[in-house]
Amino acid sequence: MKELMLVINEDRFFLSHRTRIAVNAARHGWRVTLVTKDTGLRGEIENMGFDYIELPINPTGMNIKDEFKTFRFLFNLYRKHPDAIIHLVGLKNMLWGGMASRLTDTRGVVYAVCGLGTLFGENHRGKISLFIQKMLMFAMKKDNIMAIFQNHDDEDLFITNRLIAPQKTCYIKGSGVDMGEYAFTPMPSSSPLIIIFTARMLREKGVIDLVEAAELLRGDYEGKIEFWLCGGLSNNPSGVKEDEIESMIDGSYIKWLGHRDDIKELLQQSSIMCFPSYYREGVPKSLIEASAIGRPIITTDSVGCRDTVSDGKNGIIVPPHSPRQLAQALKLLIDNPHLRESMGVVSRSIAERDYDVNDVASRHLEIYEKLWAKAKTPFPNIC
C-alpha cells in the first residue's frame, strides 16, 4: 500500500488545514500517518482512520537539545518507512524533516511552504536566517521532491536564493475551504456592524495596528460598530501578553473573544474582515474563509495577504504599519453598505475560483502519485 506521512507541528493545525487532503489520499488507497504534537486530539484523528505518531517538537522553541531530538526522531522514523512519501508542513518541520530526508533514502518529499513568518521578514536577515537558508538548500538538493508554495513571493525567494530548482516548485493558493460549509451568507441587517479579526495574538498579525485604527474611529462610531478580536494567546516571543490585550479592550466597542471554535458563525455575524498583518503569511486561512462567506477584506500589502484581495473589487489593501490609512479604509466600508455588499459578492466568486478545498486536495494527490512513481520529469501538467 502507498504510504503518506504528514509531519505537522500540532494536531489541531492538521484538523483545521489539512484534513481534506488526508481524507482524499486515503480514499484513493493511501495509508495516511499523521506525525505531530498531541494537543489532546489524537483520539479524534485516529477515529477518522489515520495512524498517529506523536512528534517530539517545541513549535516555538529554540533549545538546541530539543531541536536535535526532533531531528533524530524523524531520521529514525524515515529509516523505518523508506517507501513513504513525506509531507512536511511548516518551517521547522521543513528544516529538520528535510535534513533527515536528505540523509536517509526516502521515496519522496513534499515541502509545504505555508508562511515563513518573522525569520524571513524584513527585519530578520541576520545570521540565523542565513543559516536556515543554507540548511534548507542542503535538504532540498534531492531528486524526488516538490515544494508547494501558497504565494509567488515565497516561491521567488526560494528560487532566487537557489534553495530549490524552479522545476521542483508548485503553486497552490492556500489550504482551501469547504465551499458548502462556508456558504455565501448575506450581510447582517442588524446593528451594531461587526468588524472581525481572526488570528493568534501576535504583534506581526497587526492586532495593535487594528486597535489603534479603532481608537481613531471611536469618536464617530462608538455604539454603532464593534471590533471583535478572535484568537488565542501564543508562546511565540512576539505574542501579545494577556494583560496588554486587556488594557486595549473595553468589552463593548473593542472585544477580545479569545480562541474560538465557531469562526464560521462569527464570520456570518460580521460585515468586514480586517487583517492588517505584516507577518510573512502563506495565504491566511482567515481571509480564505471570510472570502467564502462573502465578506469584504481589508488587509495589508504584505506577502500572502495581498494575494487574497483585488484592490477596490473585493476589498482594500493598505500599507503595513499604517493605522491611520487602515482607519480610512474601514470608514469607507462602514459608510457604504452597497460597497460592502458588492465587494462581498466578488470575494465569494474569488473563493469559488481559487480556494475550493476539493481542488486543493486533488492537486496534492496528483503530486503524491507523481512522487510515488518516482517521476523524473518536471511537473508542468500539475503546477
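The values are calculated or read from the model by the stated rules, or taken from the named source; none is laboratory data. All of these numbers come straight from a predicted model, not from anything done at the bench. FYI the Cβ positions are ideal-geometry reconstructions off the backbone, even for glycines, and counts take in every protein chain you see.
Counting just the residues of segment 66-83 that are in contact with a Leu (Cβ under 8 Å, 6 or more places away or on another chain) and either in the same structural domain as GLY282 (by TED's automatic domain parsing) or surrounded by fewer than 21 Cβ atoms within 10 Å (Cβ to Cβ) (or both), which one comes out nearest to ALA165 (Cα to Cα)?
Out of the qualifying residues, it is PHE75.
Quick check on segment 278-289. Is at least one of its residues at pLDDT 95 or above, farther than 22 Å from SER238 by Cβ and within 18 Å of the chain's Cα centre (by Cα)?
Taking segment 278-289 and keeping what is at pLDDT 95 or above, we get 283-289.
Subsequent filtering for residues that are farther than 22 Å from SER238 by Cβ retains 288-289.
Still in the running and within 18 Å of the chain's Cα centre (by Cα): 288-289.
Scanning segment 278-289 turns up at least one residue that is at pLDDT 95 or above, farther than 22 Å from SER238 by Cβ and within 18 Å of the chain's Cα centre (by Cα).
Report, ordered by the first and then the second residue, all pairs with beta carbons closer than 9 Å, sequence separation of six or more or different chains, a first member in segment 157-170 that is more than 17 Å from PHE138 (Cβ to Cβ), and a second member that is part of a helix (DSSP H, G or I) and among the aromatic types (Phe, Trp, Tyr).
THR169/PHE158
Mind telling me which of the residues ALA213, ALA147, ALA199 ends up being touching a Gly at 6+ places or on another chain (Cβ under 7 Å) and small (Gly, Ala, Ser)? Even if it seems obvious, please write down each step before you answer.
On the way: ALA213 fails: touching a Gly at 6+ places or on another chain (Cβ under 7 Å); ALA147 fails: touching a Gly at 6+ places or on another chain (Cβ under 7 Å).
Exactly one of ALA213, ALA147, ALA199 is touching a Gly at 6+ places or on another chain (Cβ under 7 Å) and small (Gly, Ala, Ser), namely ALA199.
Considering only segment 137-157, state which residues are of a type in the set (Phe, Trp, Tyr) and under 14 Å from ARG280 (Cα atoms).
PHE149
Test ILE148 against the criterion of being in a strand (DSSP E or B), within 15 Å of the chain's Cα centre (by Cα) and crowded, with 17+ Cβ neighbours inside 10 Å, and give yes or no. Write out each step before concluding.
Details: in a strand (DSSP E or B): yes; within 15 Å of the chain's Cα centre (by Cα): yes; crowded, with 17+ Cβ neighbours inside 10 Å: yes.
Judged against the criteria, ILE148 is a match.
Among residues belonging to segment 42-91 that are among the aliphatic types (A, V, I, L, M) and assigned to a strand (DSSP E or B), point out the one that is nearest to the chain's Cα centre (by Cα). I'd like the intermediate steps shown before the answer.
First pass over segment 42-91, keeping only residues among the aliphatic types (A, V, I, L, M): 45, 48, 53, 55, 57, 62, 64, 74, 77, 84-86, 88-89, 91.
Narrowing the set further to residues that are assigned to a strand (DSSP E or B) leaves 53, 85-86, 88-89.
On the way: ILE53: 23, ILE85: 22, ILE86: 19, LEU88: 14, VAL89: 10 Å.
Residue satisfying both the conditions and the ranking: VAL89.
How about segment 172-216: which of its residues are part of a loop (DSSP other than H, G, I, E, B) and polar (S, T, N, Q)?
To start, the set of residues in segment 172-216 that are part of a loop (DSSP other than H, G, I, E, B) comprises 172-176, 178-192, 199-201, 206.
SER175, THR185, SER189, SER190, SER191 - these are the residues of segment 172-216 that are part of a loop (DSSP other than H, G, I, E, B) and polar (S, T, N, Q).
Which residues, counting only those in segment 217-233, are buried (at least 17 other Cβ atoms within 10 Å of the Cβ) and either farther than 15 Å from ILE249 by Cα or of a type outside the set (Phe, Trp, Tyr) (or both)? So that I can check it myself, show each step before the final result.
Of segment 217-233, the ones buried (at least 17 other Cβ atoms within 10 Å of the Cβ) are 217, 221, 225-231.
Scanning segment 217-233 gives LEU217, TYR221, ILE225, GLU226, LEU229, CYS230, GLY231.
I'm trying to understand the selection: among the residues of segment 25-62, which are farther than 20 Å from GLY97 by Cα and β-branched (Val, Ile, Thr)?
THR39, ILE45
Out of all the residues in segment 5-41, which are part of a strand (DSSP E or B) and within 13 Å of VAL89 (Cα to Cα)?
Start the filter on segment 5-41 by keeping residues that are part of a strand (DSSP E or B), which leaves 5-10, 30-37.
Matches in segment 5-41: MET5, LEU6, VAL7, ILE8, ASN9, GLU10, LEU34, VAL35, THR36, LYS37.
Answer with yes or no whether LEU202 is out of contact with any Leu (no Cβ under 6 Å at 6 or more places or on another chain), over 21 Å from GLY315 (Cβ atoms), modelled with pLDDT under 95 and surrounded by fewer than 18 Cβ atoms within 10 Å (Cβ to Cβ).
Values: out of contact with any Leu (no Cβ under 6 Å at 6 or more places or on another chain): yes; over 21 Å from GLY315 (Cβ atoms): yes; modelled with pLDDT under 95: yes; surrounded by fewer than 18 Cβ atoms within 10 Å (Cβ to Cβ): no.
Taking the combined requirement at face value, the residue does not satisfy it.
Return only the number of the condition from (1) within 21 Å of the chain's Cα centre (by Cα); (2) more than 24 Å from PHE13 (Cα to Cα); (3) modelled with pLDDT under 95; (4) among the hydrophobic types (A, V, I, L, M, F, W, C) that ILE298 does not satisfy.
It fails just one condition, (3).
Yes/no matrix, rows are residues, columns are (1) modelled with pLDDT of 95 or more; (2) touching a Phe, Trp or Tyr at 6+ places or on another chain (Cβ under 8 Å); (3) at negative phi:
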| site | (1), (2), (3) |
| --- | --- |
| GLU54 | yes, no, yes |
| MET62 | no, no, yes |
| LYS69 | yes, no, yes |
| ARG72 | yes, no, yes |
| PHE75 | yes, no, yes |
| HIS124 | no, no, yes |
| LYS134 | no, no, yes |
| MET137 | no, no, yes |
| ALA147 | yes, yes, yes |
